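Here is the structure we will look at.
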Amino acid sequence: MELAAETTSAGLIVQVMESRIDAACAIEFKEAVREVAELPGTPVILDLSRVGFLDSSGLGAVVAVMKMLGPQRPLQLAAVQPNVAKVLRLTQMDSVFKILPEPPVRVQAAS
Amino acid sequence: MNADQDDPLEHCFDRAFRPEANDTPKPQAGANRGACSISRSFRSGNSETRAALGDLCGRLAAQGLAEDDLGTIELVLAEALNNITEHAYGQGSGPIDVALSLKGPVILCELRDYGRPMPTGDAPVTELPLISPPDTLPEGGFGWHIIRCLVSDLRYERLEGHNRLRMAVEVSPQG
């Protein structure tokens, strides 16, 4: 599960570099985010521009991440693709997360 | 549409997946185009599900299915396959047969597995779990709700030693 994370003035931007958050990688996803969440920055903005598929396992993992971060460190979703938006809408979880059209800053490519 | 006293959807499934079980097919307006059949048999498991979805949806895409419809069918199949992997087979694994029949405005799906039956004897009709942040944020229980939102028909049966889940998904005309 590859993530690119950067602390910015707009918060901690975490770009998911995988195309799927699903049953096969839900646990890895949670663990990977737990690690990068040690970096400072709030809110935590999950850049989902590369994620074309999220199933209920993936959604559960995103919710778990939100709970792990706690109420003082909100989790926001950015660049949600149509298939992912569909899942959020059907489950009514689109009212739980703040959803941004784009991340406020794009994570710099790792040098 | 033929005024059949039989369940018309059951008729469609039978015709799609077991044509030899039928009498001479009766012509039905709007339903006489050839169907495209796509199937795959594989062993249960998360990475196996990914591979199966890639294969099945890739073949559906080649039939000109719209992006939104491809997303819908992938999601429906993913949720059903995850359920089979996690609940029907649990700690073990076993065979899964998926058959899809794309015919005009509908995709008929039939999934078979040889694992445990549904505990209640039927597919769950679940409401969404209560969502009430920050205290009540569910991490699970969404799968069947998602499936039921997206299918126009769903039937589960326990047959001899296996489960059969049939679903119909409405799609836009293919280009």
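The simple Förster model, with R0 at 30 Å and r as the Cβ-Cβ distance, assigns A:Gln81 and B:Arg116 a FRET efficiency of 0.30. The simple spin-label model puts a point 7 Å past each Cα toward its Cβ; for B:Arg158 and B:Arg43 those points are separated by 2.7 nm. Kirkwood hydrodynamic radius computed over the protein assembly as shown comes to 20.4 Å, based on all pairs of distinct alpha carbons. Neighbouring Cβ atoms from other chains, within 10 Å of the Cβ of residues in B:129-136, number 3 on average.
Counting only the Cα atoms, chain A fills a convex hull of 90 Å³ per residue. Across peptide B:138-147, the mean count of Cβ atoms from other chains lying within 10 Å of each residue's own Cβ comes to 6. Put simply, the stretch B:28-118 fits an ellipsoid with semi-axes of 26, 14, 10 Å; these come from the alpha carbon gyration tensor as the roots of five times its eigenvalues, largest first. Highest mobility in the GNM of chain A, judged by mean-square fluctuation with C-alpha springs under 10 Å and restricted to A:Ser56, A:Ser19, A:Ser95, is found for A:Ser95.
Remark: chain A carries a charge dipole of roughly 340 debye about the Cα centre, counting +1 on each Lys and Arg Cβ and -1 on each Asp and Glu Cβ. Restricting the GluC sites (Glu not before Pro) of the stretch B:116-168 to loop positions (DSSP other than H, G, I, E, B) with no more than 14 neighbouring Cβ atoms within 10 Å leaves B:Glu127, B:Glu160. Take every pair of alpha-carbon atoms less than 8 Å apart whose residues are at least six positions apart; their mean separation over the length of the stretch A:38-111 yields a relative contact order of 38 percent. Per-residue shielding of A:59-71, expressed as the average number of other chain Cβ atoms within 10 Å of the residue Cβ, stands at 3.
The numbers here are math on the coordinates, done by the rules we state, and not lab data. What you are looking at is a predicted structure, and each value in this text was computed from that prediction instead of being measured. Note that each Cβ is placed from the backbone with ideal geometry, even for glycine, and that neighbours are counted across all protein chains shown.
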